[in-house]
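In what follows, a structure is listed as structure tokens, so that the remarks can point back to it.
The values are calculated or read from the model by the stated rules, or taken from the named source; none is laboratory data. Since we're looking at a predicted model, the values are computed, not measured. FYI the Cβ positions are ideal-geometry reconstructions off the backbone, even for glycines, and counts take in every protein chain you see.
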């Protein structure tokens, strides 16, 4: 059981729009900087990205290839996995990457800067949602206030299929789904542990573990297939993942879905935490909830840093915004939010603005 002091807050559920999030109309796309003399020609773009970007980023890479002569971006040089695996690949195995993208904007500053990166750019927001099978009787009448009860009734019924979860120590979606369950308990059942304890053990002095039979650990690359084939009956995941894979989903309260950044939401987030495995055996680290914001950087060890900057420029362009926002997958952020503006290459300077103060405060 998680041991913590929990602030119980009565919340009126309203639509919360993330301050500063949204694609600014009228932005003029200047063309790919990879076509400039400073860019490396006859080079190959390499990407390390969060798993949920495995459809969107290849589309962007293809756009860049189509408009920039002399470069390539084959699937073999693009790897999409848990965000903590992404940072570990750069710091521990020195994997080459012109672009590194993560699903938690706090990871690049804490794990890559300043040795392996000089800056990050926050480029998009996407909330947590519940993916579920509407044909199952357990989910009849499901809504924003009762989804957790419906989910638990489903996975605890003998013979029913489990819920897919992620490894929280390698993938932010793993700890974000824990926080969504706890926030739902706080706001609708007066206890952060009420739903969590039905699906997980641990979390205070040891990492959370899903209860066998009710949960099953899977990778994002497999979850949609497992859901569509009936191996699992539900999962809490990013809206972007649900949209890209055509899955039925239920939007959550913006605070529960980690979409809100108002004072009430940030106060609620500050009361919760969970434990992850640290970077070396026998060590642990603690993480708190935060709004789900995806961020990108050009690692200091990038083989082709100009090409990485070209990709980020395209990501922040109208073309990039159209790809990110298709079907409502992401809310593109333009200008992108940057933590160290002085470190940004000149070609990206018009594309970025400093992080909002509330977001900077969450970087510690």
> So how many residues does the stretch 69-84 have that are buried (at least 23 other Cβ atoms within 10 Å of the Cβ) and either part of a loop (DSSP other than H, G, I, E, B) or out of contact with any helix residue (DSSP H, G or I) (no Cβ under 8 Å at 6 or more places or on another chain) (or both)?
Replying inline: 2
> Only one of these conditions is not met by residue 92: (1) closer than 29 Å to residue 271 by Cβ; (2) outside the structural domain of residue 237 (by TED's automatic domain parsing); (3) modelled with pLDDT under 95. Which number is it?
Replying inline: (1)
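Criterion first (part of a helix (DSSP H, G or I) and at pLDDT 95 or above) does residue 152 satisfy it?
Numbers: part of a helix (DSSP H, G or I): yes; at pLDDT 95 or above: yes.
Taking the combined requirement at face value, the residue satisfies it.
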> So which of 204, 267, 260, 168 ends up being in contact (Cβ under 8 Å) with a residue 60 or more places away in the chain, more than 19 Å from the chain's Cα centre (by Cα) and not in a helix (DSSP H, G or I)?
Replying inline: 204
> Of the residues in the stretch 163-180, how many are crowded, with 24+ Cβ neighbours inside 10 Å and in contact with a helix residue (DSSP H, G or I) (Cβ under 8 Å, 6 or more places away or on another chain)?
Replying inline: 10
> When you look at residue 260, is it at pLDDT 95 or above and surrounded by fewer than 16 Cβ atoms within 10 Å (Cβ to Cβ), yes or no?
Replying inline: no
> Which ones in the stretch 333-350 are in contact with a helix residue (DSSP H, G or I) (Cβ under 6 Å, 6 or more places away or on another chain) and over 19 Å from residue 108 (Cα atoms)?
Replying inline: 347
>> Let me spell it out: the conditions are (1) modelled with pLDDT of 95 or more; (2) in a loop (DSSP other than H, G, I, E, B); (3) outside the structural domain of residue 351 (by TED's automatic domain parsing); (4) in contact with a helix residue (DSSP H, G or I) (Cβ under 8 Å, 6 or more places away or on another chain), and residue 302 meets all of them except one. Which number is the exception?
In response: (3)
>> Given the options 137, 58, 109, name the one that is surrounded by fewer than 23 Cβ atoms within 10 Å (Cβ to Cβ), within 18 Å of the chain's Cα centre (by Cα) and over 20 Å from residue 301 (Cα atoms).
In response: 58
> Within the set of pairs 6+ apart or on separate chains, which have a first residue in the stretch 322-333 that is assigned by TED's automatic domain parsing to the domain that holds residue 238, a second that is crowded, with 23+ Cβ neighbours inside 10 Å and part of a helix (DSSP H, G or I), and C-beta atoms under 6 Å apart?
Replying inline: none
